[in-house]
1. Regarding SER206, is this residue among the hydroxyl-bearing types (Ser, Thr, Tyr) and in contact (Cβ under 8 Å) with a residue 40 or more places away in the chain?
2. Restricting the first residue to the range 217-237 and requiring it to be over 23 Å from GLN182 (Cβ atoms), which pairs with a second residue that is at pLDDT 95 or above and surrounded by fewer than 15 Cβ atoms within 10 Å (Cβ to Cβ) meet a Cβ separation below 9 Å and a spacing of at least six or different chains?
3. Check every one of the helices (runs of 4 or more DSSP H) wholly within the range 176-261 and list those with 1 or more residues that are more than 27 Å from GLU160 (Cβ to Cβ), open to solvent by 40 Å² or more (accessible area, probe 1.4 Å) and touching a Phe, Trp or Tyr at 6+ places or on another chain (Cβ under 8 Å).
4. Which one of these is polar (S, T, N, Q), open to solvent by 70 Å² or more (accessible area, probe 1.4 Å) and at pLDDT 65 or above: GLN55, GLN34, GLN48?
5. Would you list the helices (runs of 4 or more DSSP H) that sit entirely within the range 85-167 and hold 2 or more residues that are over 28 Å from LEU51 (Cβ atoms) and open to solvent by 40 Å² or more (accessible area, probe 1.4 Å)?
Amino acid sequence: MADDLMDSYDEELELEIDDRDVDENGARRPLVDQAARHSYFKSLFQLQGELVKLQDWVQQSREKVVILFEGRDAAGKGGVIKRITQRLNPRVARVAALPAPNDRERTQWYFQRYVSHLPAAGEIVMFDRSWYNRAGVEHVMGFCTDAEYEEFFRSVPEFEKMLVRSGIRLIKYWFSITDEEQHMRFLGRIHDPLKQWKLSPMDLQSRVRWEEYTKAKEVMLERTHIPEAPWWVVPADDKKKARLNCISHLLSQMPYHEVAHAEVVLPERVRNPDYFRQPVPEALIVPQIY
């Protein structure tokens, strides 16, 4: 049990090291002090334990949950999604991160390719960016027409009301960071070979078009904040606080409770005297380098 606990700490530490940013000179920022790290881990593990209870409740009550994660590039959406899914069953809680639409998908009803990823009973689906691409990147970068943009705003409230009426619990988060913080996080991606894959031409354009994205975000929140599916804004300059606050808020939006389970008893292994385990050929064994 102690080894399992240490593995959990090590796993989180790996993620924390991966998340470290750099300063203006490309040097890594130091990890936070041990007391602060311990406090963060303690809160995170407690919240993750509640997420497991939420998962059990969703399965037992046959709920359907959709969570949208939107925000500027490098705002920390992926980090909170990692922490939410880290201890959960991927057959119950899954992530939908759709690529750019192909030629066929561009001719479909706009919401069509998202509908196929919606949950069945007993499932949680997290959209790492969603149909709100049209209100953001597609509009700012000119990937949609003005008519398509306006039609989106006419359609999306009705679309979301329809999802809620069908029994889907829909929660929408916008991760908000400052200009300065995004600048530092982009530097972290530029200077870290393990993170450079996160940078795309669209990410770089988001720096050039910061003000255009701000205006698009303001219009989006104003025109799509509806009682059936309101927006929730997560201040995300501090990644750790953003994760904890978002998970805590998510839990508060669900009327979940701990589901009773039958006691699990590990059966004794059956041993047959005539069974002999054949040795594995050396040629099949992965080299023990570490």
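The values are calculated or read from the model by the stated rules, or taken from the named source; none is laboratory data. Note that this is a predicted model, so its numbers are computed, not measured. Cβ: placed from backbone, ideal geometry, glycine included. Neighbour counts: every protein chain shown. Surface accessibility is based on the protein's heavy atoms, side chains included, excluding ligands, DNA and RNA. Shrake-Rupley method; radii C 1.70, N 1.55, O 1.52, S 1.80 Å.
1. Values: among the hydroxyl-bearing types (Ser, Thr, Tyr): yes; in contact (Cβ under 8 Å) with a residue 40 or more places away in the chain: yes.
So SER206 fits the description; yes.
2. GLU228/ARG165
3. Numbers: elements: 179-191, 201-208, 210-224, 239-252.
Answer list for the range 176-261: 179-191, 201-208, 239-252.
4. Working: GLN55 fails: open to solvent by 70 Å² or more (accessible area, probe 1.4 Å); GLN48 fails: open to solvent by 70 Å² or more (accessible area, probe 1.4 Å).
Only one candidate qualifies: GLN34.
5. Numbers: elements: 103-106, 112-115, 146-165.
Output list reads 103-106, 146-165.
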